[in-house]
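Notes follow the structure.
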Amino acid sequence: MITNIEELYEAFSQVMTHKRWWDTDNKWEILLGAVLVQNTNWRNVDYALANLNEATQFLPENVLALDMEQLQALIRPSGFYRGKSNTIIALLTWLEGYHFDLTQAADKDFLTLRKELLAIKGIGEETADALLVYVFDHSTFIADKYAQRLFEKFGFASAGYRQLKSKILWPETMDTLKAQNLHGWIIDYGQVYLKNDESWQNGPLREFKLKLRRPTLSEG
C-alpha cells in the first residue's frame, strides 16, 4: 500500500498554483462535462458544453426533454456522441429518481453511491470517481492516466486504473477539496513534466519517494 498521499499533497501544495481545476460552480455542467470529456480533449468538450448551455441552461429536465437527435447534434463536437448521449440520458434518468436533488444522492454512503454510478452504462471507474469528487462532494483518489504515469515515475508501475487505486491508502484527512486539488495538480503537473524523460528531470517533484507497506488483511 502507498501510505504517504498526504505528504504528496503537501509536496504539490508547495510547487503548484492553488486554483480550481474545474472552473465552474454549476454541478450540472460538471456532471455533463465528466461524460463528454471521455476519450477527447477539453477544447472539444467546451464546444459541446456551449451548445448544451445555450439549448438547456444545463438544467437536467431540459436535457431530458431533448429528443436523441437534438442531443447528439449538440454534443457532436465532443466525439463519440452516440454513446455519450446514451450515457447522459441514463445518468440523468438515474438522478431523476432522486428528484434531481444532488444532495439527496450525495447523502448515500460512498461505496453505495459509487456502485450505483458504475451500474450506469457508459460510466466507468474514472468518470464515477470524478463525479463523486466534483459533483457529490465525496473524497477519493482519481487514478487517471496522468496519475498512473506519475506513480510509475515514482517507482510504482500499475496495470491500470483499478490496480493503482487499490494500492492507495487514502487518508481521512484528505477531504473533498484536497481530493479535487490533488487530481487537478497531477494533471497540470503531468502536462508539463511527464512529456519525456528530460521534462521529468526538470520537475520539482522528481525526487519524491513513495512510502510502501504490505496491506493488512482488511485492506486486501
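The values are calculated or read from the model by the stated rules, or taken from the named source; none is laboratory data. Bear in mind that the values here come from a model prediction, so they are computed numbers and not experimental data. In this analysis, Cβ positions are derived from the backbone assuming ideal geometry, glycine residues included, and neighbour counts consider all displayed protein chains. Side chains are part of the model used for accessible areas, which takes the heavy atoms of the whole protein and leaves out ligands, DNA and RNA. Shrake-Rupley method; radii C 1.70, N 1.55, O 1.52, S 1.80 Å.
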* Structure fact -> Being small (Gly, Ala, Ser), open to solvent by less than 100 Å² (accessible area, probe 1.4 Å) and at pLDDT below 95 narrows Gly220, Gly203 down to just Gly220
* Note down all Cβ pairs under 7 Å where the first residue falls in the stretch 197-216 and is without any contact (Cβ under 8 Å) to a residue 12 or more places away in the chain, the second is of a type in the set (A, V, I, L, M, F, W, C) and loosely packed, with under 14 Cβ neighbours inside 10 Å, and they're at least six residues apart or on different chains. => Ser199/Val192
* Structure fact -> The residue from Leu91, Leu52 that alone is surrounded by 15 or more Cβ atoms within 10 Å (Cβ to Cβ), at pLDDT 95 or above and farther than 23 Å from Glu116 by Cβ is Leu52
* Structure fact -> Scanning the stretch 77-126 for residues that are of a type in the set (Gly, Ala, Ser) and assigned to a helix (DSSP H, G or I) gives Ser78, Gly83, Ser85, Ala90, Ala105, Ala106
* For the stretch 1-26, what are the residues that are open to solvent by 60 Å² or more (accessible area, probe 1.4 Å), in a helix (DSSP H, G or I) and not β-branched (Val, Ile, Thr)? -> Glu7, Glu10, Gln14
* To do: Answer yes if at least one residue in the stretch 206-217 is aliphatic (A, V, I, L, M), exposed (fewer than 12 other Cβ atoms within 10 Å of the Cβ) and either more than 30 Å from Ala90 (Cβ to Cβ) or modelled with pLDDT of 95 or more (or both), and no otherwise.
  => yes
* Based on what the data block shows, is Leu74 over 22 Å from Gly160 (Cβ atoms) and either assigned to a helix (DSSP H, G or I) or charged (D, E, K, R) (or both)? -> yes
* To do: Please enumerate the residues belonging to the stretch 150-159 that are surrounded by 14 or more Cβ atoms within 10 Å (Cβ to Cβ) and in a helix (DSSP H, G or I).
  => Leu150, Phe151, Lys153
* To do: For Arg162, work out the one condition from (1) touching a Ser or Thr at 6+ places or on another chain (Cβ under 7 Å); (2) free of Cβ contacts under 8 Å to residues at least 40 places away in the same chain it doesn't fulfil.
  => (1)
* Does Leu132 count as under 26 Å from Arg20 (Cα atoms) and part of a helix (DSSP H, G or I)? -> yes
* Structure fact -> Scanning the stretch 27-68 residue by residue, those assigned to a loop (DSSP other than H, G, I, E, B) and either farther than 12 Å from Ser78 by Cβ or in contact (Cβ under 8 Å) with a residue 12 or more places away in the chain (or both) turn out to be Val37, Gln38, Asn39, Thr40, Gln57, Phe58, Leu59, Leu66, Asp67
